[in-house]
């Protein structure tokens with residue numbers, strides 16, 4: 001192939017990648033902020049002007065240009081949405097990681113401490129050892145492993161004081177890096193959501209909103225009785241907690257009335273059917289997955305519950321040697337279980353379509369998640 005033909009081929013590939021990110025950026029803008037009623041809150045800006053915007057409300061009026069997205073690929077500047085912030089005459093250009101939908105629960109204090117340092121230490125040790133064995137670790141994962149090792153060294157002899165943050169939340173956004181080899185990672189970062197916590201990853205908070213974890217002391221808003229660590233209870237992605245016997249009838253009633261199932265406390269809507277959410281709910285497994293997820297996305301507990309647990313991405317494996325697809329868990333019925341082989345016919349497909357299995361997008365193989373699937377395709 002001639003130099004000219006090679007250059008044209010590389011340019012065509014770049015145009016394809018930029019086109020994917022441009023479509024995803026616009027899709028996030030249009031789906032997350034569908035109407036003028038979908039307000040956003042400005043968060044996590046650090047410049048002098050940005051600090052005056054933090055906490056203020058506005059609405060998204062436009063997405064990033066193709067030129068901005070190409071510049072992001074090259075490491076020159078970030079792609080930004082256009083936001084009409086209340087009190088400002090002109091729209092302000094902001095990254096997606098700096099605009100949080102007002103319908104999502106924002107906890108600038110970072111959430112409750114629900115795990116003892118000893119319990120958090122044991123879970124972190126188990127998870128980090130798994131990560132050391134993972135292949136093709138990216139620089140972010142390596143940095144989070146090193147940060148966890150440093151944290152473990154600090155708390156090894158016991159920690160009687162306030163919990164020590166481990167790392168900055170991965171939803172705060174990362175700086176651009178020059179070089180063609182970094183282009184894809186630069187583009188992926190343009191789609192990162194805003195942090196809904198305080199920007200710190202603190203392992204002792206990783207049990208927050210997961211009922212059944214020692215240290216969680218709340219009252220069920222439905223029956224007003226205490227929610228105990230050893231009871232049959234359940235939390236929602238907004239991190240409010242209830243007795244399962246109280247929450248399930250509430251969610252079913254909302255669905256039967258033709259409404260979206262939502263939280264009895266804050267009315268945050270579930271992004272999947274209540275049958276799927278309740279069928280998959282397992283406190284201890286979710287707690288372990290939060291530690292594993294930290295090494296993949298770097299998300300704090302608030303971002304994990306808001307982004308990853310509200311409607312988890314899963315692998316759809318066709319079991320025929322082809323790569324798995326990334327889909328939303330809500331796309332499949334509640335009775336479809338993880339790691340179980342099903343025929344396409346069992347879910348209403350054709351017998352010739354073969355078999356499939358769904359597995360979680362965490363742990364081994366998580367690096368295969370495409371940019372399209374990473375943030376809610």
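In whole Å, how far is the Cα centre of segment 1-24 from that of segment 236-281?
So the two Cα centres are separated by 45 Å.
Stokes-Einstein D for segment 3-101 at 10 °C, 1.306 mPa s, Kirkwood Rh over Cα pairs, in µm²/s?
On the way: Rh = 14.7 Å.
Stokes-Einstein gives a translational diffusion coefficient of 108 µm²/s.
State, as an integer percentage, the relative contact order of segment 171-297 based on alpha-carbon contacts under 8 Å between residues 6 or more apart. Show your work: numbers first, answer last.
Values: 142 pairs, mean separation 22.9, N = 127.
The value is 18 percent.
Counting only helical runs of four or more DSSP H residues, what would the 222 nm mean residue ellipticity of the chain come to if each run contributes -39,500 (n - 2.57) and the total is spread over all its residues? Please report the intermediate quantities before stating the final value.
Working: 10 runs with 123 residues, N = 377.
That comes out to -10000 deg cm²/dmol.
Quote the relative contact order of the chain in percent (integer), defining contacts as alpha-carbon pairs under 8 Å separated by 6+ residues. Write out the running numbers ahead of the final one.
On the way: 647 pairs, mean separation 55.7, N = 377.
Dividing the mean separation by the residue count of the chain yields 15 percent.
Listed highest first by mean packing, meaning other Cβ atoms within 10 Å per residue, what order do 12-22, 139-149, 233-243 come in?
Working: 12-22: 14.5, 139-149: 16.5, 233-243: 23.7.
In descending order of packing, they fall as 233-243, 139-149, 12-22.
Tell me the Rg and the Dmax, in Å, that the Cα atoms of the chain produce.
21.6, 75
Taking a quarter of the surface of the Cα convex hull of segment 199-268, what do you get in nm²?
Working: hull surface 20.3 nm².
Average of the hull's projected areas for segment 199-268 equals 5.1 nm².
Å³ per residue of the Cα convex hull, for segment 38-166? Before the final figure, lay out each step's value.
Values: hull volume 21.7 nm³, N = 129.
Convex hull volume per residue, Cα atoms: 168 Å³.
Cα centroids of segment 26-102 and segment 315-332: how far apart, whole angstrom?
About 32 Å separates the Cα centre of segment 26-102 from the one of segment 315-332.
Percent relative contact order of segment 3-101, based on C-alpha pairs within less than 8 angstrom and at least six residues apart?
Numbers: 135 pairs, mean separation 25.4, N = 99.
Relative contact order for segment 3-101 comes out at 26 percent.
Where a number appears in this text, it was derived from the coordinates with a stated rule and is not lab data. Computed from a predicted model, the values in this text were never measured in an experiment. All Cβ positions, even for glycine, are placed from backbone atoms using ideal geometry, and neighbour counts span all protein chains on display.
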